[in-house]
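Okay, structure first, notes after.
The values are calculated or read from the model by the stated rules, or taken from the named source; none is laboratory data. Source: prediction; values computed, not measured. Counting neighbours? That spans all protein chains shown, and the Cβs are built from the backbone with ideal geometry, glycine included.
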Amino acid sequence: MMQGALDGIKVLDFSTLLPGPMAGLFLTDAGAEVIKIERPGAGEEMRSYVPKWGVDSVNFNMLNRGKRSIALDLKDPASLDVLIPLIKKTDVIIEQFRPGVMARLGLGYDDICQIKPDIIYCSISGYGQSGPKALRAGHDLNYIGDAGLLSLSHGSTDHPVLPPALIADIAGGTYPALFNILLALRARDAGKGGAYLDISMAENLFPFLYWAMGDGQVADRWAGNGDALVTGGSPRYQLYATADDRILAAAPLEEKFWDIFCEAINLPDALRNDVADPEATRQGIVAIIAGQPAAHWAAVFETADCCCSIVKTMKEAMDDPHFCARGVFDRQLSNEEGAIITALPTPIARNLVANTQDTQTAPRLGADNQDFSASQQD
């Protein structure tokens, strides 16, 4: 068995759905023991999602492989008989309730510190634990809207376009939770004790807006909908439709790449100065790219190396020889019926991962109750 970077680290995960469970998955891949605390009966909400893959949803299986599960009614004071001995051996707690919920259950940071003073306690929420919006309900779309991110590229008002990924959940929740947990573990190892981590999905989106914040404040050039360099305002960073309704992702931003691109598609000389009339240049490119199918342009840009590629479908991406050669999809996921699919890759470096070749499963609800019963922990 390969040793992971976090072997010996124990995590209690009270979170549900996406941000916390994905952070727990990353920690699991690095060797931590992650124990999900779920409500009895139905378990966490994502178990019931569709499509089902065996007993639970494929989403649940993807995000919770390699973990353990305890079913506990946290509103029942008797649950503390199970949790307290476990907390004493725990390094990290992850929770994702609205602010104040864990405290009302007797499991807030101050309560846990009485049991385990050097605990690292990570709270993930939409707007953080304080401030006017702290208790407000929200989902990914609300958070990216409130942070201004969605305003930069949402399509036309008669045809608004939704982002293709849950940006706030993962980029604003999972990743900040993960690296702050690791920073807190490092600080604890250095003798600085435990930590409380307040992770706000909405405010953690602002690093993505560095350029828009800078342009607005310094040049008074506040980016609008699709009008900035990397959001649709330049012919050098665009999506162009091919003759067979595929999409060319064209990003020849730098002059050297732009020159190669213009030669490769034989753009008329009069249109190559994209500063003079950017829309005329864009329309010229639109017409040229629409004149040939994706296979033609794929071959052209295989030779003309200028940051241009045909947008792949999800299946094409998973079959891409490059990703396959790097072993991105080597890890497998199995359900209780023995069916096997490709596991969700995680960004943990290979030399820090535990059990890289294992076929893993997600836990059945309450599968580990017996191991962590009050009598077993005495």
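Below is a table of values for the structure above.
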| read-out | value |
| --- | --- |
| Filtered residues of the range 130-159 (kept if among the aliphatic types (A, V, I, L, M), over 25 Å from Y196 (Cβ atoms) and touching a residue at least 60 places away in the same chain (Cβ under 8 Å)) | I144, L149, L152 |
| Among residues of the range 198-226, those that are hydrophobic (A, V, I, L, M, F, W, C) and closer than 18 Å to Y143 by Cβ, counted | 9 |
| Number of positions in the range 347-366 that are in a loop (DSSP other than H, G, I, E, B) and either among the hydrophobic types (A, V, I, L, M, F, W, C) or under 19 Å from M46 (Cα atoms) (or both) | 10 |
| Members of the range 208-241 that are of a type in the set (S, T, Y), surrounded by fewer than 17 Cβ atoms within 10 Å (Cβ to Cβ) and under 24 Å from I310 (Cβ atoms) | none |
| Flag if V58 is of a type outside the set (K, R), within 18 Å of the chain's Cα centre (by Cα) and surrounded by fewer than 20 Cβ atoms within 10 Å (Cβ to Cβ) | yes |
| From K36, K67, residue being among the basic types (K, R), in contact with a Phe, Trp or Tyr (Cβ under 9 Å, 6 or more places away or on another chain), touching a residue at least 60 places away in the same chain (Cβ under 8 Å) and within 21 Å of E336 (Cβ to Cβ) | K36 |
| The range 292-309, subset among the hydrophobic types (A, V, I, L, M, F, W, C) and touching a strand residue (DSSP E or B) at 6+ places or on another chain (Cβ under 6 Å), residue nearest to E254 (Cα to Cα) | C308 |
| Filtered residue count, the range 261-284, keeping only those that are within 19 Å of I247 (Cβ to Cβ) and either touching a Pro at 6+ places or on another chain (Cβ under 6 Å) or outside any helix (DSSP H, G or I) (or both) | 4 |
| Hey, A343 in the same structural domain as D56 (by TED's automatic domain parsing), surrounded by 16 or more Cβ atoms within 10 Å (Cβ to Cβ) and modelled with pLDDT of 95 or more or not | yes |
| Residue identified as in contact (Cβ under 8 Å) with a residue 60 or more places away in the chain, in contact with a Cys (Cβ under 7 Å, 6 or more places away or on another chain) and outside the structural domain of L135 (by TED's automatic domain parsing) among L209, L197, L248 | L248 |
| Contacts under 6 angstrom Cβ, first residue in the range 312-334 being surrounded by 13 or more Cβ atoms within 10 Å (Cβ to Cβ), partner small (G, A, S), 6 or more apart | R331/A343; Q332/A343; L333/A343 |
| Qualifying positions in the range 340-361 - small (G, A, S) and over 19 Å from the mean Cα position of the chain (by Cα) | A354 |
| Options L248, L209, L197; residue that is within 30 Å of D111 (Cα to Cα), outside any loop (DSSP other than H, G, I, E, B) and hydrophobic (A, V, I, L, M, F, W, C) | L197 |
| Residue selected from the range 85-101 under the condition of a type in the set (V, I, T) and surrounded by 18 or more Cβ atoms within 10 Å (Cβ to Cβ), by the criterion farthest from G31 (Cα to Cα) | I87 |
| Number of the condition not met by G145 [criteria: (1) surrounded by fewer than 15 Cβ atoms within 10 Å (Cβ to Cβ); (2) part of a helix (DSSP H, G or I); (3) of a type outside the set (S, T, Y)] | (1) |
| Qualifying residues in the range 78-106 (those that are over 13 Å from D13 (Cβ atoms) and assigned to a loop (DSSP other than H, G, I, E, B)) - the one modelled with the lowest pLDDT | A78 |
| The lone exception for R364 - which of (1) in contact with a helix residue (DSSP H, G or I) (Cβ under 9 Å, 6 or more places away or on another chain); (2) in contact (Cβ under 8 Å) with a residue 24 or more places away in the chain it fails | (1) |
| Residues that are of a type outside the set (D, E) and more than 24 Å from L149 (Cα to Cα), drawn from the range 249-270 | K256, F257, W258, I260, F261, C262, A264, I265, N266, L267, P268, A270 |
